[in-house]
Amino acid sequence: MTNPNDNVPTTTSVLSVAEAEDAALAKSTAAPRSQARIVWGRFLRHRAATISAVILIFLTLLSFTSVGFFGIPGWWPHDYRAAGDVVNGGAPTLSLIPEWLGGDGIRIGDHPFGQENTGKDFFALTMMGTQRSILLGLVLGISSTVIGSIIGAVAGYYRGWVDSVLMRITDLFIVIPLLALAAVVGQIAGNIGKNPIVLAFMLSLLTWTGLARLVRGEVLSLRERDFVLAARASGAGGARIIFRHLMPNVVGVIAVNATFAIAGAILLESSLSYLGFGVVPPETSLGLLISQYQGSFTSRPWLFWWPGMMILAIALSINFLGDGIRDAYDPRQSRSVRREIKRRNRA
């Protein structure tokens with residue numbers, strides 16, 4: 001005869017089942033992630049951005065460690081200012097084609113990028129130009145980002161006559177052609193001193209206008225939100241509300257445009273140096289190298305191509321990096337999401 005108590009679960013069995021369910025639930029439930037980790041994970045899934053970041057870091061480390069910086073010597077044996085004997089017409093000694101493919105084998109040689117007219121090592125010149133262009137682009141891009149963010153946030157928060165005055169000043173800078181105005185500022189910076197950092201700070205006074213308008217629009221949409229009204233009701237001042245409550249909510253727009261500002265700054269400096277209004281000798285930059293050796297394009301094209309390829313690689317890497325940051329902060333802007341939305345709309 002069957003005991004009816006056999007089908008009743010004991011307290012021990014109930015506890016074991018509950019513990020097993022709790023363990024399974026703990027495994028299946030992902031740990032909460034911060035906004036920074038979510039953005040970082042989205043960025044890592046953007047292949048073009050991650051590859052561009054690796055390329056940009058590699059070029060930066062190569063340029064700063066090879067020829068040295070701020071008095072610290074580099075590992076490359078040739079000085080970019082030292083002339084020497086021109087070997088083999090100054091042709092590059094770099095070879096990347098193996099012998100079994102009909103090439104000269106994998107080798108670097110003494111002058112992988114060749115030599116210029118007076119025998120200076122062009123690898124050292126290109127690395128110093130890359131270093132100066134990256135440094136100038138960073139200083140210019142960050143400075144213009146700070147200026148544009150503050151002006152846009154102040155104009156959007158206070159509105160009224162403050163907004164009118166700041167936006168009319170912004171319109172004045174927008175109306176004047178940037179390259180012409182930058183050429184004048186570059187000439188003034190050259191008269192003040194030959195330090196590229198001085199040129200970067202002065203050019204940053206001209207390139208903040210686009211970001212200021214974007215930040216102003218974002219702040220206008222946020223200033224009437226509940227958290228701003230609560231901060232205002234608690235007695236917080238305008239500066240505290242702007243920098244503690246509004247600016248963190250527009251950091252995505254600022255970060256994306258900061259990357260594009262750095263790329264634009266490098267291209268602007270290259271254009272000015274090519275025209276003779278930017279970096280001046282004995283300093284050097286990629287744009288100045290192209291300007292100095294443009295006459296060698298037909299006879300010794302490597303003197304023109306190496307700086308040009310560096311500018312192209314840096315600008316494209318920063319632009320792809322900006323695309324990845326934009327998609328990380330706003331996934332709706334990614335191409336895959338836009339394609340999926342279009343597909344669902346058609347369906």
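The values are calculated or read from the model by the stated rules, or taken from the named source; none is laboratory data. Predicted, not measured: the structure shown is a model, and the values here were computed from it. Here Cβ is always computed from backbone atoms with ideal geometry, including for glycine, and neighbour counts include all displayed protein chains. Surface areas here come from the heavy atoms of the whole protein model, side chains and all, with no ligands, DNA or RNA. Shrake-Rupley method; radii C 1.70, N 1.55, O 1.52, S 1.80 Å.
Look at Val162 and say whether it is surrounded by 15 or more Cβ atoms within 10 Å (Cβ to Cβ) and outside any loop (DSSP other than H, G, I, E, B).
No.
Have a look at Leu312, Leu289 and point out the one that is modelled with pLDDT of 85 or more and over 16 Å from Ile51 (Cβ atoms).
Values: Leu312 fails: over 16 Å from Ile51 (Cβ atoms).
Answer to the selection: Leu289.
Within region 192-206, can one find any residue that is touching a helix residue (DSSP H, G or I) at 6+ places or on another chain (Cβ under 8 Å) and among the small types (Gly, Ala, Ser)?
Checked against the condition, which is being touching a helix residue (DSSP H, G or I) at 6+ places or on another chain (Cβ under 8 Å) and among the small types (Gly, Ala, Ser), region 192-206 yields at least one hit.
For region 199-218, indicate whether the set of residues that are without any contact (Cβ under 8 Å) to a residue 12 or more places away in the chain and over 15 Å from Gly264 (Cβ atoms) is non-empty.
Step one: filter region 199-218 for residues without any contact (Cβ under 8 Å) to a residue 12 or more places away in the chain, giving none.
No, the conditions are met nowhere in region 199-218.
Could you list, in sequence order, all residues of region 47-68 that are closer than 19 Å to Gly129 by Cβ, touching a residue at least 24 places away in the same chain (Cβ under 8 Å) and either in contact with a helix residue (DSSP H, G or I) (Cβ under 6 Å, 6 or more places away or on another chain) or polar (S, T, N, Q) (or both)?
Taking region 47-68 and keeping what is closer than 19 Å to Gly129 by Cβ, we get 55-68.
Next, from what is left, pick out any that are touching a residue at least 24 places away in the same chain (Cβ under 8 Å): 55-56, 59-60, 62-64, 66-67.
Those that are closer than 19 Å to Gly129 by Cβ, touching a residue at least 24 places away in the same chain (Cβ under 8 Å) and either in contact with a helix residue (DSSP H, G or I) (Cβ under 6 Å, 6 or more places away or on another chain) or polar (S, T, N, Q) (or both): Ile55, Leu56, Thr60, Ser63, Phe64, Ser66, Val67.
Which helices (runs of 4 or more DSSP H) sit wholly inside region 228-321 and have at least 1 residues that are of a type in the set (Phe, Trp, Tyr) and open to solvent by 30 Å² or more (accessible area, probe 1.4 Å)? Steps first, please.
Working: elements: 238-241, 251-275, 286-292.
Qualifying helices (runs of 4 or more DSSP H): 251-275.
So the check is Cβ under 7 Å with 6+ separation or different chains; which pairs have a first residue in region 173-192 that's farther than 16 Å from Val279 by Cβ and a second one that's modelled with pLDDT of 80 or more and of a type in the set (A, V, I, L, M, F, W, C)?
Phe173/Leu206; Leu178/Leu206; Leu181/Leu206
Here are some residues: Phe113, Phe123. Which one is part of a helix (DSSP H, G or I), within 15 Å of Pro307 (Cα to Cα), aromatic (Phe, Trp, Tyr) and in contact with a Phe, Trp or Tyr (Cβ under 8 Å, 6 or more places away or on another chain)?
Values: Phe113 fails: part of a helix (DSSP H, G or I).
None of the others qualify; the one that does is Phe123.
What number goes with the only condition from (1) over 20 Å from Ser285 (Cβ atoms); (2) in contact with a strand residue (DSSP E or B) (Cβ under 8 Å, 6 or more places away or on another chain); (3) in contact (Cβ under 8 Å) with a residue 40 or more places away in the chain that Asp121 does not pass?
Unmet for Asp121, out of (1) over 20 Å from Ser285 (Cβ atoms); (2) in contact with a strand residue (DSSP E or B) (Cβ under 8 Å, 6 or more places away or on another chain); (3) in contact (Cβ under 8 Å) with a residue 40 or more places away in the chain: (1).
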